[in-house]
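Take a look at the structure below.
The values are calculated or read from the model by the stated rules, or taken from the named source; none is laboratory data. Quick caveat, the model's predicted, so the values are computed rather than measured. Methodologically, a virtual Cβ is constructed for each residue, glycine included, from the backbone with ideal geometry; neighbour enumeration extends over all protein chains shown.
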Amino acid sequence: MNRSFNKSQTLRSPDCSAVEVKSKFGAEFRRFSLDRYKPGKFEDFYKLVLHIHHISSTEVMIGYADVHGDLLPINNDDNFFKAVSSANPLLRVFIQRQDEADYGNFGTNTLSRKKKALVALRNDNLRRRPHLNISMPHDFRPVSSIIDVDILPETHRRVRLYRHGCEKPLGFYIRDGTSVRVTPHGLEKVPGIFISRMVPGGLAESTGLLAVNDEVLEVNGIEVAGKTLDQVTDMMIANSHNLIITVKPANQRNNIIRSSRMSGSSGQSTDSTASHHSLPSSHVLQNFHPDEMESDEEADIVIEGGLEPQHIPKLHSLPSSSLSRINGSSLSHRLQRDLVLNNSSGRESNGNIHKILSSLKTDPRHSLVIPRGGIEEDGTVITL
Amino acid sequence: MRRFLRSGHDPVRERLKRDLFQFNKTVEHGFPHQPSALGYSSSLHLMAIGTRSGAIKLYGAPGVEFMGLHEENNTVLQMHFIPGQCQLVTLLDDNSLHLWSLKQRSGTSELQEEQRFTLRGPPGSSPSATQITVVLPHSSREVLYLGTESGNIFVVELPSFRVLEKRTISSETVLQRVPEDYSNRRPCELVEAIQEHPRNPDQILIGYSRGLIVLWDVQSNKATHHFLGSQQLENVFWQRDGRQFISCHYDGSYAQWPVSNDNRQPEPLESKVPYGPFPCKAISKIYWQVTKNGLPYIIFQGGMPRASYGDRHSISVIHGSQQIAFDFTSRVIDFFVISNADPAAEFDDPSAMVVLAEEELVVIDLKAPGWPAVHPPYLASLHCSAITCSHHVSNIPLKLWERIISAGSKQNSHYSNMLWPIDGGTNLAPDPPQRDLLLTGHEDGTVRFWDASGVCLHLLYKLSTVRVFLTDVDPNDNMNPLGEDEWPPLRKVGSFDPYSDDPRLGIQKIYLCKYSGYLAVAGTAGQVLLMELNDEAAEHVVDYAEADLLQDQEGYRWKGHERLKARDGPVRFEPGFQPFILVQCQPPAVVTSLALHSEWKLVACGTSHGFGLFDHQQKRLVFVKCTLHPSDQLALEGPLSRVKSLKKSLRQSFRRIRRSRVSSRKRRAGNIAEVQEANAKFDQGALQEMELAPVQRKIEARSAEDSFTGFVRTLYFADTFLRDSSRHCPSLWAGTNGGTVYAFSLRVPPAERRMDEPVRAEQAKEIQLMHRAPIVGILVLDGRSAPLPEPLEVAHDLSKSPDMQGSHQLLVVSEEQLKVFTLPKVSSKLKLKLTALEGCRVRKMAVANFGSCQTDDYSENNLTVLTNLGDIQIISLPFLKLQTRYPCIRKEDVSGIASCVFTKYGQGFYLISPSEFERFSLSTKWLVEPRCIIDAPEITSNNHLHNTSGMEHTGRKSRDLGRSSGDTGEDERKSGRLMEHALLNDEKVLKEIQSTLEGGRGRGDPIPIYQRSRTLSTRIQELYRKKFGKKSRRTWAK
């Protein structure tokens, strides 16, 4: 165990890129390590965990304890990356069976609360009405988000509507109107564009972020002042695949108060990929469904030949969207994408890729970037 | 600066841009919309036309044109040239008078408004007291006589418009010597006519509406003769010698009155109702022209028998036993007769009659037997039949040009060969650098070929496609000229004929190959005609083929019009373009796109259902492709044409609303993000339903199930790398309304086996743009990023052969974006998202070559793009960088935007009215605009001077001395005259000097109504701004 200790020591030193992981499933612990800066893909991590715990055929949910002691889920690339990079020094991972998972546990201070009043909580839980079985976020599709909260005045709201992959119509109408502005000469009436109607059951209505009589100020970062109703209509339709509208809500009571904004680590994410004011930073919401990943880019479909329509999406400047049109989200496709990214010549022949893929599928750890020290499992070293 | 908002700040590029691009609206072609007044200067040989929107246009010799615009935009009621001067006075319907001058500046003449004036009575007087009915510019050039509704005649001085109150001719003074029983009938109701005595400028003839006519002596300020007419007066006309005049009346009669010193109150010599005895309509204007042979020409407007011919717009010409009532196609605004310009001549000897009708200008040669019409070199009625499409071809080879002209000249044989009689001014514009053709397609199935090289848009040749089809009206049994015994002797003149026999004949697309002379013309009922130029008349059978665009699609029923029936057997064709193949699309929907490749001998056409490729060498359909989306119902309903009934569109709207309500699944399909036309219709229906709901727009993404997604918007032939990067091949590209691009690789057999082997086509690519916006243009750029040349262009050594070494690029222009893809692997390279950024949509797109005005050898290709906001943007190739933009058309002017065509060298045309094309230029190098000069009247008007004043030998009064000496320069003459007057020491003359001096003072400090340096285009811009509150943009006037 001397060797293992030494290993641990080196891993814990701050200049080392490896992160020690302690994974708990039921009563069992496993230990291994990951590269802090290049932890790899969630899918592969997931496979690895199942492999290590020898529970390959079980559906599980993975959670971790963050610096504040909150139990947070790991279910996509981004929160996986977040978990690994924020591990200080140890990453504690908790694995639950999917059917046994207690979703209510996720959230602020769940772990610490549990420790303090374990018995009381248990009784509480029994008395509470049965949980709605809410599935994991990756089973959902984002329909909208409020973005750029940090840079907008509190009276304004920037709403992003995700239409792609959504069967619902956008479903709202706009009209001309006048709004009152404060100018150096006092109040002044200026023409403006307003939301006039919501289509019942439409996307806009279902988000709850837009309402009748909200004034439209910008469409995808471009001010609508001075533009006609028809121009604004055309702009919105042209951006309908990824519509970001900045509104001044008619009802100012539900505004987000900036001071109470939660810290980034506790799950509140701001999505500013299409914002013209801040650099694209986090893509948290983009991992839910591959179809949703088209940030500002739309991919045209090119069909080669006239016979069997064979969808071969082209490689875009934004790599994340390159294969997004392919309906499957299967691992092989994801791996194919990774390969394409890592090795640009890999796309040259499809046959080759498939060969590589079939060999890789069996062992997902291939694509995990493992620190040179190798992987440890409670003292038993797994050599790859 | 705004114009460079989105471009970099590379100073070199900015300088180059200034050398390349410049926006000007240069000239208006065609016939002025809603003309309302006509004027003519016999000394300048200039004609002036005023319109209901306040525009005035002056025309002289071909190429000599001026345009002006009254700031008020009021109807021009009258226009009068000041005798012997480059000035004219206009009267508007707000009772204002405007003085316009042709001023010379840097070698050319410019039309400017100098002065304006509104006649005001004393405070408290009724407005009718000063409502002007008649304007007479006196030959002295010093005064205007203004007849009013009150019967008073005011005299104002020129150019100051100072009212000379002492010289006012009030109706009371006129009535002083009229018999009492006559004066009791209140004969001085309204001044209908004032005419100056042709030989004695001191006498003017005044006609009042109730029939009284007096001859007034200006010097003694009293009436010398009274002519007591009993009929309501319309007009008067002096005979040349001044011994007689003619009056014409409301009851359709005219009377001839003698003027002699013996009888101060004569009876008419002759009174006649030419089209009696039944009640006739008024004769509103009459000319009496004397000739050497003694028989006068009597020319009058109107006078037709009220009951049977009261609706005709006629002008009758009577010369001895010859009499013709010219029957015009629209209301006659006014007319004049061109006669011997020498006022001293004894006879008029009229040569031509110029008639301004509401829709066209007709000139009749009065010298040639039979009085044929003269073919006007300008003012063509573009809208003889409504224009449905236009096509511009630059730089026509001389050979083709001559053949078209010769074909056209055979059609014009019925025209007089008289030289154009209105020949004032000198055209200084350089000869057009190249021969350009503008082809217009019309609703009646004709294609007109216009010479668009220069300022005068001139009809070269007219092609009719009607002969190929069996229509309800047999073209042979159209109205035969009426027989000799017909009375009245009506003769139809003019070509305006807005009524189409069959709307299916309408022309929708035209493509002319200037090298081969092949012409493809497509129409409303899915017909595509291929034609060849033949210099001889010929009789042959037109081959027929059908293209079933629905193919295997089942269960559709076309509810639109039937296809046109082709004529069986051989058809006789005139020399010119003769059809040899008719392809009819099935269903017979309107042809929405057309492409012709004369080298491969292929023609492609598309409708709202699909597109097809036809091999016109082997006369075989190569393939068809159905683009119809299965859920698209509207595409089957009928033709997408402007004759679609309102009822139908409302029904459709309601059906769509209902559909969107019934099933929630369909709801996303029922959106309005599609063709603007359908949009408007939907709104119509929705508005009715929602009653007073505010105007609102639905925000909805386009879906594949929208209507008319299969509508083929553009077709394009290219020899490029479609399949792999090593071998290029012919290809056909098609773009639809739903944002789909289809690419077919073609195999065209080599020339020696062209007839033996079939042309093969295979679909190679299908690109679905995710934003699904309609595709308005497809273009392939060669290895040097230059657009591929037109077919046969290289073969004729007129273009560099395309670079087939470097990689080609595909440019797809949709209504929303411009996007460049690589070839053969279609991957997006760069794009410009116009709609997302600016909210505008691309309406028209063309490639234009811009030459630098500084260096002769530099030129570059750019895209010119017209948006739905009426802006024109110039976008660089291949990097899609916005170079500059100009506001061009009002965004409300939908027909103007829809009619716009670009030329290959950065000019363009669009309709500003049904009958007028505005020509604009984006290039600094290619600029076609009128440059002309009107000679100062000293030379040309000498004779006139002699006419009015040069009667020394007839014992004129002293003040004529001055006038006769005025041959040197205007100013000198004026001062010289004053000196002489002063010497004469005449009291009256002194008074006049005083008034002249006062006027002079006024003249020295004129009110600057217009800044003098303003050009025509800025004036139009001003007008627009005024009317529509558009902000002034610096981008306009460079």
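Per-structure values
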item: Strands (runs of 3 or more DSSP E) contained in the range B:496-596 and holding at least 2 residues in contact (Cβ under 8 Å) with a residue 60 or more places away in the chain, closer than 15 Å to B:Gly441 by Cα and touching a Lys or Arg at 6+ places or on another chain (Cβ under 9 Å); result: B:519-523, B:527-534
item: Test: residue in the range B:1-13 that is in a strand (DSSP E or B) and either buried (at least 18 other Cβ atoms within 10 Å of the Cβ) or modelled with pLDDT under 90 (or both); result: no
item: Residues located in the range B:66-91, provided they are within 19 Å of B:Ile333 (Cβ to Cβ) and of a type outside the set (A, V, I, L, M, F, W, C); result: B:Gly68, B:His70, B:Asn73, B:Asn74, B:Thr75, B:Gln78, B:His80, B:Thr90
item: Odd one out for A:Arg160, checked against (1) of a type in the set (D, E, K, R); (2) at the interface with chain B (Cβ under 8 Å from one of its Cβ atoms); (3) assigned to a strand (DSSP E or B); result: (2)
item: The one condition in (1) surrounded by 22 or more Cβ atoms within 10 Å (Cβ to Cβ); (2) part of a strand (DSSP E or B) that A:Asp44 fails to fulfil; result: (2)
item: Residue in the range B:738-751 that is touching a Gly at 6+ places or on another chain (Cβ under 7 Å), in a strand (DSSP E or B), at pLDDT 90 or above and of a type in the set (Val, Ile, Thr) present; result: yes
item: Single residue of the range B:59-79 satisfying the filter (part of a loop (DSSP other than H, G, I, E, B) and of a type in the set (A, V, I, L, M, F, W, C)) that is farthest from the chain's Cα centre (by Cα); result: B:Ala61
item: Any hit, the range B:836-851, residues being in a loop (DSSP other than H, G, I, E, B) and surrounded by fewer than 22 Cβ atoms within 10 Å (Cβ to Cβ); result: no
item: One residue from B:Gly107, B:Gly124, B:Gly147, B:Gly151 being at pLDDT below 90 and within 26 Å of B:Gln219 (Cβ to Cβ); result: B:Gly151
item: Residue tally, condition of a type outside the set (Ser, Thr, Tyr) and modelled with pLDDT under 85, over the range B:160-189; result: 15
item: Close pairs (6 angstrom Cβ cut-off, 6 or more residues apart or separate chains): within 7 Å of another protein chain (Cβ to nearest Cβ) in the range A:222-233, part of a strand (DSSP E or B) anywhere; result: A:Leu229/A:Asp176; A:Leu229/B:Arg697; A:Val232/A:Ile193; A:Thr233/B:Arg697
item: Among the candidates A:Ile52, A:Ile62, residue that is in contact with a strand residue (DSSP E or B) (Cβ under 8 Å, 6 or more places away or on another chain), crowded, with 21+ Cβ neighbours inside 10 Å, touching a residue at least 60 places away in the same chain (Cβ under 8 Å) and among the β-branched types (Val, Ile, Thr); result: A:Ile52
item: Inter-residue pairs, beta-carbon under 6 Å, first more than 7 Å from every other protein chain (Cβ to nearest Cβ) and more than 16 Å from B:Glu766 (Cβ to Cβ) and in the range B:816-837, second of a type in the set (D, E, K, R) and assigned to a strand (DSSP E or B), 6+ apart; result: B:Gln817/B:Lys831; B:Gln817/B:Lys833; B:Val820/B:Lys829; B:Thr822/B:Lys829; B:Lys831/B:Lys819
item: Cβ-Cβ under 7 Å pairs, at least 6 apart or on other chains, the range A:190-215 side of a type in the set (S, T, N, Q), far side surrounded by fewer than 17 Cβ atoms within 10 Å (Cβ to Cβ); result: A:Ser196/A:Val212; A:Ser196/B:Pro694; A:Asn213/A:Ala250
item: Output for the range B:358-402, where each listed residue is among the small types (Gly, Ala, Ser) and closer than 18 Å to B:Ile507 by Cα; result: B:Ser381, B:Ser385, B:Ala386, B:Ser390
item: Of all residues in the range A:218-232 being more than 28 Å from the chain's Cα centre (by Cα) and part of a loop (DSSP other than H, G, I, E, B), the one that is surrounded by the most Cβ atoms within 10 Å (Cβ to Cβ); result: A:Val224
item: From B:Phe336, B:Phe300, B:Phe278, residue being within 34 Å of the chain's Cα centre (by Cα), in contact (Cβ under 8 Å) with a residue 12 or more places away in the chain and surrounded by fewer than 21 Cβ atoms within 10 Å (Cβ to Cβ); result: B:Phe336
item: B:Lys829 vs. criteria surrounded by fewer than 22 Cβ atoms within 10 Å (Cβ to Cβ) and outside any loop (DSSP other than H, G, I, E, B); result: yes
item: Check on B:Arg890, within 14 Å of chain A (Cβ to nearest Cβ), under 18 Å from the mean Cα position of the chain (by Cα) and of a type outside the set (Phe, Trp, Tyr); result: yes
item: Any hit, the range B:753-773, residues being touching a His at 6+ places or on another chain (Cβ under 6 Å) and of a type outside the set (Phe, Trp, Tyr); result: no
item: Residues that are aromatic (Phe, Trp, Tyr) and in a loop (DSSP other than H, G, I, E, B), drawn from the range B:719-737; result: B:Phe721
item: Test: residue in the range B:149-164 that is farther than 21 Å from B:Met79 by Cα and of a type in the set (Ser, Thr, Tyr); result: yes
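Listed here are the residues, each with its yes/no results for (1) within 14 Å of chain A (Cβ to nearest Cβ); (2) of a type in the set (A, V, I, L, M, F, W, C); (3) under 21 Å from B:Ser807 (Cβ atoms); (4) surrounded by fewer than 23 Cβ atoms within 10 Å (Cβ to Cβ).
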position: B:Asp724; (1), (2), (3), (4): yes, no, yes, yes
position: B:His728; (1), (2), (3), (4): no, no, yes, yes
position: B:Leu732; (1), (2), (3), (4): yes, yes, yes, no
position: B:Gly735; (1), (2), (3), (4): yes, no, no, no
position: B:Phe744; (1), (2), (3), (4): yes, yes, yes, no
position: B:Glu757; (1), (2), (3), (4): no, no, no, yes
position: B:Arg760; (1), (2), (3), (4): yes, no, no, yes
position: B:Gly777; (1), (2), (3), (4): no, no, yes, yes
